[in-house]
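Enquirer: Encoded as structure tokens, here's the structure I'll be asking about.
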Amino acid sequence: MALNCSNNSRFLSGFGVRVFPQPGKLEFDFARLIMFLRWLEATILDFGDEMHKVYMWIWSSGDLGLRLLWHILHLILSTWYFIIGLMGSVESFLISSGLFKRYRDLDISKVQYLAVAIDSDEALQTLKVLELLRWLEAIGLRKVCLYDTAGVLKKSKEALTLLLKNERMSSETASDPLVEEKCLSLEVISFSDGKQAVAKAADVLLKKHYLSSNTEKPKLTESDMTDALGAIGYREPDPDLMLIYGPARCHMGFPAWRIRYTEILHMGPLKSMKIGALIKAIHRYTMVHQNYGT
């Protein structure tokens, strides 16, 4: 799928993103540098509790020299984070502008099903969620699963779906029979869906293997659980890629049986999302080779 084709260019331009049909030859690898900075950031965050203890010790000691040193270190780290954010913004702009050759063509066929997990507090930003869905549709994705722990997105599903459909129909010929097919297929789930599914599947297995007349009690396997989930109607596909928006670097309780082979990427706060970072994340996944065990 080419990002600089006329159809996608029209969509991206509508979101304030400049797409050049014939990009220049600017080619500088920000990716490795940004990855290194992110790794260093994560390493610093791993020492969060220890650094807090050091801070409390310095503050209680009353030593002005140590306090001055601490403030200097704080200034250095603040500057560091500012530089990381600035470089990320510059990279995102260059990617969305089509100036990096490697990001112009995405093999979107490798992402058959995309999951987006959003922190429940940030999921209240309905306009941001709608903008994210617009970008995903513009890039070419057709099957998306939205997730948040508290079920905020489930309450907005009907409105989000209707808005996307109306925007698509207003930009296409009203008589086009393919308009409906081009819209996102949207699944919206929450933490409660996972709990209910596990409870129902466990009940099925209990009745089938332990409350039956069969005296031999089998050792349950992963395939038994999968069959039980399918029997109660949980047959949605496993996401190929999951994007996490929020402060937590985890899947936030997304049903575990659906992410056994899923690539998970943390994207930062929803309010800071950028289409260049989204394109980069999808491109990164398409370049990954996955080995499945037997």
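Values in this text are rule-based calculations from the coordinates and carry no lab data. Since this is a predicted model, take the numbers as computed values, not measurements. Ideal geometry is used to build each Cβ from the backbone, glycine not excepted, and the neighbour counts take in all protein chains shown.
Enquirer: Please list 119-130, 246-257 highest first by mean number of surrounding beta-carbon atoms within 10 Å per residue. Walk me through the numbers before you get to the answer.
Expert: Working: 119-130: 17.4, 246-257: 15.8.
Ranked from most to least packed, the peptides come out as 119-130, 246-257.
Enquirer: Taking R0 as 41 Å, what FRET efficiency do you get between ILE72 and ARG284 from their Cβ-Cβ distance, rounded to the nearest 0.05? Don't skip to the answer; put the middle values down first.
Expert: Values: r = 36 Å, r/R0 = 0.88.
Rounded to the nearest 0.05, the efficiency is 0.70.
Enquirer: Right, something else. Ordered by packing density, taken as the mean number of other Cβ atoms within 10 Å over each peptide's residues, highest first, how do 262-268, 139-145 rank? Walk me through the intermediate numbers first.
Expert: On the way: 262-268: 16.9, 139-145: 19.9.
Ranked by mean Cβ neighbours within 10 Å, highest first: 139-145, 262-268.
Enquirer: Give me D for region 240-294 in µm² s⁻¹, whole number, from Stokes-Einstein with Rh from the Kirkwood sum over alpha-carbon pairs, 4 °C and 1.567 mPa s.
Expert: Values: Rh = 12.4 Å.
It diffuses with D of about 104 µm²/s by this estimate.
Enquirer: If each of LEU64 and LEU265 carries a label point 7 Å out from its Cα toward its Cβ, how far apart are those two points in nm?
Expert: Placing both labels 7 Å along Cα→Cβ, they lie 5.1 nm apart.
Enquirer: Taking the alpha-carbon distance from LYS217 and a cut-off under 17 Å, which lysines remain once sequence neighbours fewer than 8 residues away in the same chain are dropped?
Expert: Cross-link targets: LYS207, LYS208.
Enquirer: Less than 9 Å Cβ to Cβ from LEU164, Lys/Arg counted +1 and Asp/Glu -1: what total charge do the surrounding residues give? If you can, show how the numbers build up before the last one.
Expert: Values: positive: ARG134, LYS165, ARG168; negative: GLU137, GLU167.
Net of charged neighbours comes to +1.
Enquirer: Could you grab the Rg to Rh ratio for region 196-262? Cα atoms only, Kirkwood for Rh. Could you put the intermediate results ahead of the total?
Expert: Values: Rg = 15.1 Å, Rh = 13.8 Å.
Taking Rh as the inverse mean 1/r over Cα pairs, Rg/Rh reads 1.09.
Enquirer: On to the next question. Distance cut-off 31 Å, Cα to Cα: go down the list LYS101/LYS157; LYS143/LYS195; LYS53/LYS154; LYS165/LYS200; LYS101/LYS155; LYS154/LYS219 and report the pairs above it.
Expert: Numbers: LYS101/LYS157 36 Å; LYS143/LYS195 23 Å; LYS53/LYS154 41 Å; LYS165/LYS200 34 Å; LYS101/LYS155 40 Å; LYS154/LYS219 36 Å.
LYS101/LYS157; LYS53/LYS154; LYS165/LYS200; LYS101/LYS155; LYS154/LYS219, as the Cα separations exceed 31 Å there.
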